[in-house]
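The structure under discussion appears below in the form of structure tokens.
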Amino acid sequence: MNYDVIVIGSGPGGYVAAIRASQLGMKVAVVEKESLGGVCLNWGCIPTKALLKSAQVFNYMKHAADYGIKLEKSPEPDFQAMIKRSRDVAGGMSAGVNFLFKKNKIEVISGTGKVLSGKKVEVTDEKGGRTEYSASHIIIATGARSRELPNLKQDEIKVIGYRKAMSLGEQPKSMVVVGSGAIGSEFAYFYNSIGTEVTLVEYMPNIIPLEDEEISKQLARSFKKAGIKVMTDSTVEAVDTSGKGCKVTIKTRKGEEQIEADIVLSAVGITTNLEGIGLEEVGIKTDKGKIIVDDFYKTTVEGYYAIGDIVRGPALAHLASHEAITCVEKIAGKEVHPIDYTNIPACTYTLPEVASVGMTEKQAREAGYEIKVGKFPFSASGKASAAGNKDGFVKVIFDAKYGEWLGAHMIGDNVTEMIAEVVAARKLETTGEEIIKTIHPHPTMSEAIMEATAAAYDEVIHL
Ligand SMILES: Cc1cc2nc3c(=O)[nH]c(=O)nc-3n(C[C@H](O)[C@H](O)[C@H](O)COP(=O)(O)OP(=O)(O)OC[C@H]3O[C@@H](n4cnc5c(N)ncnc54)[C@H](O)[C@@H]3O)c2cc1C
């Protein structure tokens, strides 16, 4: 065997698996066909957050007078500079993975990997040359790409996916964003903030449809206030790109509507990268576009594992990384526990931000729980008032009988930094009573978690 572990793909699944395996004393190689760091560092989490930061700074500057600051001139967005900054940030993060690989003595094999029987990986390089490598354990972490709908073919000129949306040469005057999950909502917020006329189209009755309904409705209100046209219960039927821009036909509850826009961004989800990587030849089974794995990410064939977006569960970077660690530690013979898929936080980095973990109120009721629900609005928070960001609230859901923390849903400034408290508390099986007695620093946004919990138990002080 050439290696103890070969990982195919260097996203937050693959690169974390490689580093943890090396830490545990294994000889590791990573096969990657693009830049190190995968979608997350190059085309996902990080570059979008860089763009969103530019939007946030611009929004602050537009409201500078509210904070007692006079600007000589109205601020103007420099689109190309924003894109460049975002690409530079992504490039820096990718270089960081390279540094970590060197530090951990992980070998990088550039090219396209394919699994072969007999615990082998064939790598095709840029020039078409093929080399075979073998390993005791092969981890597949090839991730996913933008999903294409038949009536929304991405030509990457007028109908684009997320990669193009963060590397356009020119700021569009108008844009239709199809799909209001985290990716669609973040781009809608970014482009609207810098002056693009944005229409956000969602098939479901609410935007960010996986979130608690009250949170979705609050974000829709904030979006509408900011000037985004939000169309729910609506489907994009066709896009005519034959003219100068795009003529978008949208089916709504009230009938058909046509909207003209420079660009249509398709943000209708992802498709896993399962094709051409040798799964069928080796006999690795898939189900509904995902590789079937057990609790420790072993596929249906001994010696082959899969982690990240290509296996079941939400497509999130932090989950991919934790799957990687669990998978590798199990390979190394450590005592590990399966990941609790009911305790995975999800965040959307719009303004206001959205963060959640656990069951929504509807899910808790449908699961038959008798529940205590508490809410605390940021309009009653000293820190939110001082920051000038009073939109939003924290909502917590507890099981009335045993005090189990079933879910938490937040919308407001900085809530993506607050949700980890809930995740940790739930992991430690903390009850509502214990959260109320946990001293939170003042003034902070996080006090709202304690106050919302107190509200659930009729003990709230500041309402
Ligand atoms: C616009 C956008 C924003 C996002 N924002 C967030 C966020 O804020 N927070 C969050 O948690 N998640 C976010 N995500 C999701 C997150 O990026 C993914 O969940 C995460 O990247 C999945 O990691 P992965 O390791 O499974 O695969 P990926 O990151 O997709 O990496 C897979 C890697 O495998 C390589 N590869 C594929 N096939 C082969 C092959 N045959 N040979 C060699 N290499 C191959 C690819 O080039 C790629 O580098 C976002 C996604 C997008 C698109």
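The values are calculated or read from the model by the stated rules, or taken from the named source; none is laboratory data. It should be emphasised that the depicted structure is a prediction, and the values quoted were computed from it without experimental measurement. Here the Cβ is made from the backbone with ideal geometry for all residues, glycine too, and neighbour counts use every protein chain on show. Side chains included, ligands, DNA and RNA excluded: accessible areas come from the protein's heavy atoms. Shrake-Rupley method; radii C 1.70, N 1.55, O 1.52, S 1.80 Å.
Worth pointing out:
- Entries of Lys217/Lys362; Lys290/Lys362; Lys298/Lys330 with Cα pairs more than 20 Å apart: Lys290/Lys362
- Structural descriptor for the stretch 159-268: relative contact order 34 percent, calculated from alpha carbon pairs under 8 angstrom and at least 6 residues apart.
- Amide H contacts for Lys33 (H built 1.01 Å from N in the peptide plane; partners 5 or more residues away or on another chain; cut-off under 5 Å): Gly111.
- Cα-Cα over 31 Å, subset of Lys254/Lys372; Lys119/Lys288; Lys114/Lys158: Lys254/Lys372; Lys114/Lys158
- Distance from the stretch 380-411 to the stretch 414-458 (C-alpha centre basis), Å: 8
- Annotation note: GluC sites (Glu not before Pro) in the stretch 265-302 located in DSSP loop regions with a Cβ neighbour count of at most 14 within 10 Å are Glu275, Glu302.
- Rounded to whole Hz, the Karplus (6.51, -1.76, 1.60) HN-Hα couplings of the stretch 257-268, x for glycine and proline: 10, 10, 10, 9, 8, 5, 9, 10, 9, 8, 10, 9
- Total charge dipole magnitude, the chain, about the Cα centre, Cβ charges on Lys, Arg, Asp, Glu only, Debye to nearest 20: 900
- Helix-only [θ]222 nm of the chain, DSSP H runs n ≥ 4, -39500 (n - 2.57) each, per residue, nearest 500: -9500 deg cm²/dmol
- Cα shape, the stretch 322-367, gyration tensor, a/c 1.5 rule: oblate
- Across the chain, Cα pairs under 8 Å and at least six residues apart give a relative contact order of 14 percent.
- Positive-end ranking of His440, Met26, Val239 along the dipole of the chain, with charges on Cβ about the Cα centre, is headed by Val239.
- Nonpolar atom fraction for the stretch 315-427, defined as the carbon and sulfur part of the 1.4 Å probe accessible area, stands at 49 percent.
- Segments 7-14, 237-244, 342-349, 394-401 sorted - mean Cβ within 10 Å per residue, highest first: 7-14, 394-401, 342-349, 237-244
- In this Cβ point-charge picture (+1 for Lys and Arg, -1 for Asp and Glu), the stretch 159-268 has a dipole of about 240 debye about its Cα centre.
- Solvent-accessible area per residue for the stretch 1-149 (1.4 angstrom probe, square angstrom): 51
- Whole-Hz ³J(HN,Hα) from phi, Karplus 6.51 cos²θ - 1.76 cosθ + 1.60, for the stretch 106-113, glycine and proline x: 9, 8, 9, 10, 7, x, 9, x
- Prolate/oblate/rounded call for the chain, Cα gyration tensor, a/c under 1.5 rounded: oblate
- Placed amide H near Ile371: partners under 5 Å, 5+ positions off or other chain: Ala400
- Within the accessible area of the stretch 1-48 (1.4 Å probe), percent carbon and sulfur: 50
- In terms of its alpha-carbon gyration tensor, the stretch 159-268 comes out oblate; a/c meets the 1.5 threshold, while b/c is at least as large as a/b.
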